[in-house]
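Here's the structure, in structure tokens; my notes come after.
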Amino acid sequence: MAEKLGIVLYTDERYAVPTFITALSAVKNNVALELHFYVFCVDSRNWKSQSSALLESLGSYGNVGGVHIIDSAQIDQRCAGVGLDSGYKGSYGAFAKLFMCDFIQADYNIVWLDSDVLVAGGLEELCGYRFTEEKCFAACIDMNNSRGWRQKLKTDAPIVVASIFVANPVAWQAGRNSARIEQWFARFTREEISMLMPSIVVDQGVLTCVFGSQWYILPAKYQVLPGYPLVGYNNFRLLFSLRKDDFYTKKDMEDAVRQPVIIHFMHFIVTKPWLHDARNSFEPLWLSYYHSVPEAAGLFELREHPPLEGFEKLKRLLFAVSPFLFCLLGRFDISHNVKCCIKNFKTIKNW
């Protein structure tokens, strides 16, 4: 009998196609698993029929055990109830993973995937994690895991990056982990929460503050950034002020780039794959999925990257001249922002 794994996604109609591509890449690379999709959709009742049908078509694949389209209203209300601001990136999607286990009835592991990731390898290893009160979830280490950021969050634990987030609904509920998150939020006023979220890397900061070291660190192959190969290991560490023991090793990162399991197309050096950037070596892989979906072009148009202006143009020119100088100057900018955040936190009573 095939092992089961849940895939959790959150999208609005604009990103139905990128979300479908994320899901399709999981299907194509995990034929030995029985996948169950849980897709939180913003205002799903008002979607075009073609958009809904695209997501529902995942059920036609032989290794998909179910596709559950869930209107996001319930989980949005849960996020609003603890004082989160829906204005962040236009939705509560950035925080939905904090409470996803309360809305999914499954006794197998589930993995949250951001809609700008591509699955490039097998996920069977994620089925094997066993979660307890001591180890509540699994995720990768964030690239902001510097001493300065940890000082800001008042923790010695590694900082979570939650674009790939693995948990088990039964174990999560048994550990009352959602209640722990709610209790943490209860320390602050709504105004303080609104101030805190952008400054603590939003949901990632919440998970880090609440759970400390009570989580499994996933291997680097589950969070491969397309911009990383362009700067290299030493410049990457320079940019984010990372000591050797703050992050994955050079071998970890090089092995991950050679054999990635999950590629995360976040804005780091290169942009999203649907905005053409010739420097993005993983863009052709994403496009191969896009062009394999007949409905994609009619629902989601590919675009050229808009012309860069001002400071962004200067950064691109500096990077072309010297990635080292780019990362050196970027380090000072990041360090300045961290110090400003720490200073601002002094105004928050219970921080």
>> Restricting to the stretch 154-194, and then to whatever is closer than 19 Å to residue 126 by Cβ and among the small types (Gly, Ala, Ser), can you tell me which residue is surrounded by the most Cβ atoms within 10 Å (Cβ to Cβ)?
In response: 167
> Take the residues of the stretch 204-255 that are β-branched (Val, Ile, Thr) and within 30 Å of residue 175 (Cα to Cα): which is most open to solvent (accessible area, probe 1.4 Å)?
Replying inline: 217
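Results for (1) modelled with pLDDT under 75; (2) assigned to a loop (DSSP other than H, G, I, E, B); (3) open to solvent by less than 70 Å² (accessible area, probe 1.4 Å), shown as yes or no for each residue.
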position	(1), (2), (3)
308	yes, yes, yes
317	no, no, no
320	no, no, no
325	no, no, no
328	no, no, yes
333	no, no, no
336	yes, no, no
340	yes, no, yes
344	yes, no, no
>> If I filter the stretch 88-102 down to residues being within 14 Å of residue 196 (Cβ to Cβ) and at pLDDT below 85, which single residue comes out as least open to solvent (accessible area, probe 1.4 Å)?
In response: 94
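Every residue, every condition in (1) without any contact (Cβ under 8 Å) to a residue 24 or more places away in the chain; (2) of a type in the set (A, V, I, L, M); (3) open to solvent by 80 Å² or more (accessible area, probe 1.4 Å); (4) in contact with a helix residue (DSSP H, G or I) (Cβ under 6 Å, 6 or more places away or on another chain), yes or no:
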site	(1), (2), (3), (4)
262	no, yes, no, yes
267	yes, no, yes, no
282	no, no, no, no
294	yes, no, yes, no
299	no, yes, no, yes
> How do the helices (runs of 4 or more DSSP H) wholly within the stretch 219-270 filter down when requiring 1 or more residues that are at pLDDT 95 or above and aliphatic (A, V, I, L, M): which remain?
Replying inline: 250-258
> Which of the residues that make up the stretch 4-20 are in contact with a strand residue (DSSP E or B) (Cβ under 7 Å, 6 or more places away or on another chain) and buried (at least 20 other Cβ atoms within 10 Å of the Cβ)?
Replying inline: 5, 6, 7, 8, 9, 10, 11, 19
> Going by the conditions given, is residue 312 assigned to a helix (DSSP H, G or I), closer than 28 Å to residue 161 by Cα and open to solvent by 80 Å² or more (accessible area, probe 1.4 Å)?
Replying inline: yes
> Applying the selection to the stretch 21-51, what residues are more than 21 Å from residue 62 (Cβ to Cβ) and either open to solvent by 10 Å² or more (accessible area, probe 1.4 Å) or part of a strand (DSSP E or B) (or both)?
Replying inline: 40, 41, 42, 43, 44, 45, 46, 47, 48, 49, 50
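The values are calculated or read from the model by the stated rules, or taken from the named source; none is laboratory data. Keep in mind that this is a model prediction, so the values were computed, not measured. Here the Cβ is made from the backbone with ideal geometry for all residues, glycine too, and neighbour counts use every protein chain on show. Keep in mind that these areas ignore ligands, DNA and RNA; they rest on the heavy atoms of the full protein, side chains included. Shrake-Rupley method; radii C 1.70, N 1.55, O 1.52, S 1.80 Å.
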